[in-house]
1. Find which of B:220, B:146, B:116 sits farthest along the positive direction of the dipole of the stretch B:83-252, computed with +1 on the beta-carbon of Lys and Arg, -1 on that of Asp and Glu, about the Cα centre.
2. Starting from the Cα of residue A:177, step 7 Å along the direction of its Cβ; do the same at residue B:199; then give the gap between the two resulting points in nm.
3. Per-residue counts of other Cβ atoms within 10 Å, averaged by peptide: what ranking do you get for B:115-122, B:372-379, A:101-108, highest first?
4. Gaussian network model of chain B, Cα springs within a sub-10 Å range: biggest mean-square fluctuation belongs to which of B:87, B:285, B:371?
5. About its Cα centre, how strong a charge dipole does the stretch B:83-252 have in debye, to the nearest 20, once Lys and Arg get +1 and Asp and Glu get -1 at the Cβ?
6. Taking only the alpha carbons of the stretch A:164-222, what extent do you get along each of the three principal axes, in Å, biggest first?
7. Quick one: which residues, 5+ away or cross-chain, put their amide H under 5 Å from the amide H of residue A:29? H built at 1.01 Å from N.
8. What quantity of accessible surface, computed with a 1.4 Å probe and excluding non-protein components, is buried in total between chains B and A, in Å² to the nearest 100?
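The values are calculated or read from the model by the stated rules, or taken from the named source; none is laboratory data. Keep in mind it's a predicted model, so treat the numbers as computed, not measured. We place every Cβ from the backbone using ideal geometry, glycine too, and count neighbours over all the protein chains shown. Side chains are part of the model used for accessible areas, which takes the heavy atoms of the whole protein and leaves out ligands, DNA and RNA. Shrake-Rupley method; radii C 1.70, N 1.55, O 1.52, S 1.80 Å.
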Amino acid sequence: MPQIELRSIERVFTLGDSEVHALRTLDLAVEAGEYIAIMGPSGSGKSTLLNLLGLLDRPNSGTYLLEGRDVTTLTAEEQARVRRERIGFVFQSFHLVPRLTAAENIALPMMLAGIPHGERSRRVAQALKDYGLASRADHRPDQLSGGQRQRVAIARATIMHPAMILADEPTGNLDRATGEDVMGLLEGLNASGVTLIVVTHDAVLGNRARRRVAMEDGRKVEDR
Amino acid sequence: MIWSDAVRLALRAITAHRLRSFLTLLGIAVGIAAVILLTSIGEGIHQFVLAEFTQFGTNVIGIAPGKTKTGGAPPSGIPTSVRPLTLDDARALERVANATAVTPVIWGNSEVEANGRLRRTTIYGVNAAMVKVFTLRVRSGQFLPPGEDESARGFVVLGAKLKNELFGAENPLGARLRIGSLQFRVVGVLEAKGQFLGIDLDDTAYIPAARALELYNREGLAEIHVSYEEGVPASRVAEAVKAVLKARHGREDFTVTTQEDMLRTLSKILGILTAAVGALGGISLLVGGVGIVTIMTIAVAERTNEIGLLKALGAPSRTILGIFLGEAVVLAAVGGLAGLTLGVGIAQLASFLVPALPVHTPWSFVVLAELVAIVIGLAAGVLPARRAALLDAVEALRAE
């Protein structure tokens, strides 16, 4: 059984009185532990696909089976729970809370999940050490470099031990060397068994993935 | 989410914009301070007025001759017959259950001559129980001796002011004193009581009721006052008093007034007054609430991105609702506490600077005001927080 199975997914946006087909009859199956790059020009529907995979958006038609369960019919509350426990997000613009320290940003998902304080600080301390941020624990995002910020974001995405990580242009706001660094971290996570799905329009980055899905005009044009 | 975490998050968000948050909670603080200050003064006046009225004791029933009623004129031109209240009536009332003291009262205005001086003053004809009924305090000597109703000797007790006017610093005890055509001997002087509704309570002389009847050539008493035990309902004692007098007079030709009824009405009026000034202060509180709505709406707009993130991290809508509601409530609650400090402080300062101004802040008002502040925070937070909770995650993440 694949970890992720999309069956003829359609996503249509209505802009004014015209309809935009962001995704047309898309099928996709992803096994646990895969490393996939979703590539394509802007407007090809790759971000929409990522949002659907992350349960931030609902398809107009089609089914999405996550670990064998149809998640498109879940209530908003149940979807939030799935996001909390199974999915980690990494964004291009990091999306750190500016007034919280690095440690607090990393702890945020556990706070939302209601994990008690002691357990939280233990896991945050471990994550800070793993990502080389131990000396930065009490710094706020504006006191961190871009690479450090993205490492905080990755630590936050993995703190709940998700089954998959969805990364949307994770190196888009970083210079080449730092981007390499961050990709190395994500690939390391993938090596430990976490499914990694990266959205990018950067061919070099895309070619690092074991499997590449090319999108165009809401359709999958290449999958190898 | 654990609620202490929600409060901590709220505090972080509030302290991130110190000036803005301070100004917002200042609005609530001013409102709460106004409410507390105004109700403190209102309650102070309430208590002051009640104290004025109850300085003679609260559990007193007054009986006056004649029934208060309107009827047709008698057919034959014969005047209506009202039996006067007598000293015997007063004595009979002493046996009423729960009655602790009974005093007859006759009053008049006469010239008093003593120590070569002359003064016109109010004369009260009473008995020994007067001290008990109206909680008078004797400063020197004694009050009228008990148990001498009809055969009372010509003793007089002076009010503090009358004593000063007639005798100055001299000791008046044993001195002779003439009231109208009768001779009296001074046996005591009372403590000063001050003024009550413009009547100087110290410019008085108390003589035995029998002597006052003689002095003013009257057959009946002006009033009888009965005091009763604390905690006994006034109506029960009033009924017993009526029963005794009806039995003696054959019909109800007298009027009974309980002080409890009067005080209850008065207290209700003053309570409404306090509530009214409190409501005036409440207007500024409302303005403070609008301030919170404004600032929370701005906060939701500014943090749209963050709301998207929280949704992506798996926060259900009610958690996001809770976070923003929590912020509004913390703002209001902190503002409320600041307002309480401010309001009570100003009230205390006012009573320190103007001791004549009665100020009283009951604890119940303080707790109630803080609760009101919290409720205002909740009400003000609902709209912005709902908007935050209902934001679309994808759109929110994309917002810049």
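1. After comparing all options, I get B:116.
2. 10.0 nm
3. Numbers: B:115-122: 13.2, B:372-379: 20.8, A:101-108: 23.9.
Put in order of decreasing packing, that is A:101-108, B:372-379, B:115-122.
4. Between B:87, B:285, B:371, it is B:371 that shows the largest mean-square fluctuation.
5. Values: 23 positive and 21 negative charges, 25 e Å.
The dipole of the stretch B:83-252 has a size of about 120 debye.
6. Principal axes ranked by extent give 31, 27, 16 Å for the Cα atoms.
7. A:6
8. Details: alone 20660 and 10700 Å², together 29070 Å².
Protein heavy atoms only, the B-A interface buries about 2300 Å².
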